[in-house]
Structures are given as structure tokens and as C-alpha cells.
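Reviewing the structure listed below.
The values are calculated or read from the model by the stated rules, or taken from the named source; none is laboratory data. Quantities reported herein were computed from a predicted structural model and do not represent experimental measurements. Backbone-built Cβ (ideal geometry, glycine too); neighbour counts: all protein chains shown. For the accessible areas, the whole protein counts, side chains as well, though only heavy atoms, and no ligand, DNA or RNA atoms are used. Shrake-Rupley method; radii C 1.70, N 1.55, O 1.52, S 1.80 Å.
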Amino acid sequence: MAPPAQMCHVNNGDSLNGAALRMAVMKEAALPHSASLLDADEFRRQGHQVIDFIADYYASMGSYPVHPSVTPGFLRRALPADAPSRPAESDAFAAALQDVRDHILPGLTHWQSPHHFAHFPASSSTAAALGEALTAGINVVPFTWAASPAATELEMVVTDWLGKALHLPEGLLFCGGGGGTLLGTSCEAILCALVAARERKLAEIGSRRIGDLVVYCSDQTHFAIRKAARIAGIHRDNVREIPTRRDRMFALSPADLGAAMRADADAGLVPLFLCATIGTTQTTAVDPVRELCAVAAAHGAWSHVDAAYAGSALVCPEFRHLADGADAVDSFSMNAHKWLLANNDCCALWVRQPALLVAGLGTEQEYILKDAAAEGHDIVDYKDWSVTLTRRFRALKLWLVLRCYGIEGLRDHIRAHVRMAAAFEEMVREDERFEVVTARQFSLVCFRLRPPPEMLGSEEETNELNRRLLEEVNATSSGPYMSSAMVGGIYMLRCAIGSTLTEERHVAEAWRVVQDRAAELLGKMEITNSVVA
């Protein structure tokens, strides 16, 4: 808005009087009527455009290259340097959607593509996508019970629903004295649990000893634990990443954890926090939760389980044993947005003692936040359960997913991907040129190409061969798109099956591409070796 001095009009050399000036300023500076910004008819018209756009995107997903061939700065060069002062088009919204189609979609990595096998899935469903639309449209801020009673209570209901569906121990649920909340990511969940653990421990030993606190994990634990530790004030040198071994499936050893904790305790340090993992990022290793919790408990350390990806699989009874010992954990988190059809973002965190979260993260209740209806009741103010005060109404989306698909529907979704991964794993095993590096547990297959005996070189050369293979596979315009891991000195390709749109034919196509690119690389190696010889 221009300053008033620039909007002062002069008429026949005479200045406008004060009243007229104020009227002119108000007229010039007036914003569109507020009702037009939430006009029901206009929303309906634009909403149809968006739904059609997304539906067309889903329908044509397979035609997009999974990963774009763009260079840094491509979009900044394509779009204007400044926002428009006023929309230039009669239908600015339609024009903006055209920009999305022409400039933005071609520069995206299409995580919903049926050919996306990299990283872990960012699963989607129509119920969750429309739940996001409902959440955005209603746009409440449920930071206290009084601020949005139904939003708070739906979050309590839905975290208990999900916890029961995942076969979590009752002690982590509201119905058993614990409780759950919905955050953005596992990074937030780990940080919240770590802060609660820190405050509990410092209340015992004194706040001046914060420099003595030590955090434990394996060398396969997601780097989110290091970030959380730094934010929580834990000294960088006091994060113990305990080495794992291939013959133990890269799981954290309770004996090694015990030795590390004893050594620290003997040195005058204080074991604070254990982060065990169900389904590590690189290979989906599963740490032995029960045994690790017993070690941590002996030192009074907090036990947290990060099941960001694989936690979704616990909805299936056949995976329930992987969480044996969860009845001893202090907190547990998983990302429903990774594999359980709840679009980004939706991380569930459960704690055995919610009062410890509140002690670590709570704020003093200000008068403005009090509500007479809540007096005398044991209510939940979720602002005291997380880092942020303002928060999203994520429960609506997750409730729609559970309500519309049901537990059996979610099991069907998980099992379909596990079957496809098992088929891919079998195809790898049947080709003597390849090996499965780590046994598959969920829907991730870690594999690599092995040079023939006559071409066999060092481990570094084999790793370089597989780096080249991944580059060749990902350079295929129609997909697939895979990622890699380096574990125990071994470079491997990761085929993570989890896109909602992926079918058996996409998996078979992906394997054919891998085989074809491997044959080309081995052929080039053979020619090179014959020339050298």
C-alpha cells in the first residue's frame, strides 16, 4: 500500500480538506471486501479446478520422469523477480494453475509416481488429501482445549485408535494412562522426548550437570537424533553412535550399549537417552527393543523407539513381534505419512507419562488462555506437548484415513507392498550377477551388482561399479528412481516399494531396467579388460 502522502489529490490547486482527504485515502487503500476472500461460490469454482488438476495429475503420473533433469536456478529464471502488484489476468487462479503445470511440475521429483523407489514412500490417499483440504478450509488452531475442543479431543481419540491398530501397549495410550499427539515429523518427536528426558534427569541431578548428559544410538540411527541432541543442549561429544555389524543385520547390540553406558557412568557422565529403531533408514534394521530397554533402565535412561517408516507395518499382526518389549519404552513415534496413507505431514508420538512432556515443554497458563468450561476437568492442552504453540489440525486427516479405509484396508495396503518387495527380492536372488545385501524385512530391498570372478576387484571398485549402475538406472527417463546406502563399507542400491500407485508391473519394469543397465556396464568392463590384457 502506498503511503497517504502519495495518494493526496490536488484539485484546481486547492488541497482537499481533512475529511475529504481521509475519505480519499480510505477509498484508495481499501482492501477487497473480506467476504470475497472466502466467497463460497468462488471457492467452489476454484476448488473444482484444483480437484480436476490433481485428478489429472494422478491419472498421468506414470508419464512424468520421476526425477527432473533440471539445473539449479531453473525456476527462478522462469518466474518473475517480483510478485504482481495486481493480478494481470481476469482469472488469476486459473493462470496460476497453468504456471504450476508449465513450470513447477516439470521441476519436481514425483514422490507419488509408481516408479518412485527411492528413500522411503511419502504415501498418499484421496481421503488424506481431502482431509488436508478440510483442515485448511476450517483452519482452526488447536493449541489448547479451549481454543478448539473438538480438535483436541479428536486428536486424543485418533491417537488411541492408531495406537491400538499398531498393537502398542496400553500404557502408551490415553486409555491406559499415557497419551499421544500428532506432530510434523519424527525429528520433532525425538526432540520432544529428549527434552522431557533431559528435564526429568536434571531435576534429579541438578541443572548444572547438563554437560554430563549422554545420548545413545547406533551408527544406523537417523541423523535426526544428533540434530535433536544439539537443539536440546547435549554436548556434541556426548552422542554415542555405537557400531553395528552385518552379521547382526546392523541392529544395535544390547551388550555394546551396556558397555558404552557403563564406561560413561564410570567416567562420571550420566546416561540420559536411548534411541532404538524399528526399521532404520538405510537397511530397515530392527533393534531388539526389550533387551535395549532393560540396559537403559539399569542406568535410569529414557528409552525412545523411532519407528518412522516401519511403524506402519505394525498394523499387520505378522509384524507385531518386531515391537516386542515396547511395554518398557518411555516414548514411541512413527510417521503415518510415510506408509499409512496419511499425506505429509503426520507423525504420531506416544508417551508413557504425559506429565513429563508437559514439565519439559509446557508454558505457564496465561489468563487469556483459560476457559471456564475446562475448570475442574483433566484436559489436554497440546501446546504443552510439543515445541510449537501454533499447530495444525492433523487429527482430522488421520481420522478420515482410519474411518474411510479401516484397519483391514490399511493392512491390505501394507501387505501389497510387502508382496511386491518379496517378488523383487526373489528376482534379484535368481540373477547370479546380483546379491541381496541384507535380508528384507518390510518392503525395502537392498542389493548390489557383483562383478564376475574374472573381473573381481577390490571392494572400492565394486562400490564404484554400483554407483555407476545407480546413475544409469536413474538416468532412464521413464524411471525407475532408486537411492543408495553405504553400510559396513558396502555400497548398495535401495529399492523401496511404497507408492500408493505402484503395481506389480512397475516393479517388474524396474527390475528389467536394472538388469539391462547392469548388462551394459558389465559389457563395457569386459571390453576394457580385454583391451588392457
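Structure notes:
- Positions within segment 385-406 being surrounded by 15 or more Cβ atoms within 10 Å (Cβ to Cβ) and of a type in the set (D, E, K, R), in sequence order: Arg391, Arg392, Arg394, Lys397
- Scanning segment 243-256 for residues that are in contact (Cβ under 8 Å) with a residue 24 or more places away in the chain and part of a helix (DSSP H, G or I) yields Arg246, Pro254.
- Subset of segment 407-431 [under 22 Å from the mean Cα position of the chain (by Cα) and open to solvent by 20 Å² or more (accessible area, probe 1.4 Å)]: Ile407, Gly409, Arg411, Asp412, His413, Arg415, Ala416, Val418
- Taken over segment 277-288, the criterion of being open to solvent by less than 10 Å² (accessible area, probe 1.4 Å) and either under 14 Å from Tyr216 (Cβ atoms) or in a strand (DSSP E or B) (or both) is satisfied by Thr277, Ile278, Asp287.
- Among the conditions (1) within 20 Å of the chain's Cα centre (by Cα); (2) surrounded by fewer than 24 Cβ atoms within 10 Å (Cβ to Cβ); (3) in contact (Cβ under 8 Å) with a residue 60 or more places away in the chain, the only one that Gly178 does not satisfy is (1).
- Residue count for segment 228-237, restricted to those that are in a loop (DSSP other than H, G, I, E, B) and surrounded by fewer than 20 Cβ atoms within 10 Å (Cβ to Cβ): 2.
- Candidate set from segment 252-271 (those that are of a type in the set (A, V, I, L, M, F, W, C) and over 12 Å from Cys217 (Cβ atoms)); member that is least open to solvent (accessible area, probe 1.4 Å): Met261
- Condition met for Val66 (of a type in the set (Val, Ile, Thr), open to solvent by less than 50 Å² (accessible area, probe 1.4 Å) and either under 25 Å from the mean Cα position of the chain (by Cα) or outside the structural domain of Ser477 (by the TED database) (or both)): yes
- Members of segment 472-489 that are in a helix (DSSP H, G or I), more than 15 Å from Leu108 (Cα to Cα) and either open to solvent by less than 50 Å² (accessible area, probe 1.4 Å) or at pLDDT below 95 (or both): Val473
- Which listed residue is more than 30 Å from Ala232 (Cβ to Cβ), at pLDDT below 95 and more than 20 Å from the chain's Cα centre (by Cα), from Ala146, Ala150, Ala92, Ala96: Ala92
- Within the set Thr462, Thr438, the sole residue that is surrounded by 19 or more Cβ atoms within 10 Å (Cβ to Cβ) and at pLDDT below 95 turns out to be Thr438.
- Just one of the listed residues (Arg240, Arg209) is outside any strand (DSSP E or B) and open to solvent by 10 Å² or more (accessible area, probe 1.4 Å), and it is Arg209.
- Filter result for Ile225 (in a helix (DSSP H, G or I), in contact (Cβ under 8 Å) with a residue 24 or more places away in the chain and surrounded by 14 or more Cβ atoms within 10 Å (Cβ to Cβ)): yes
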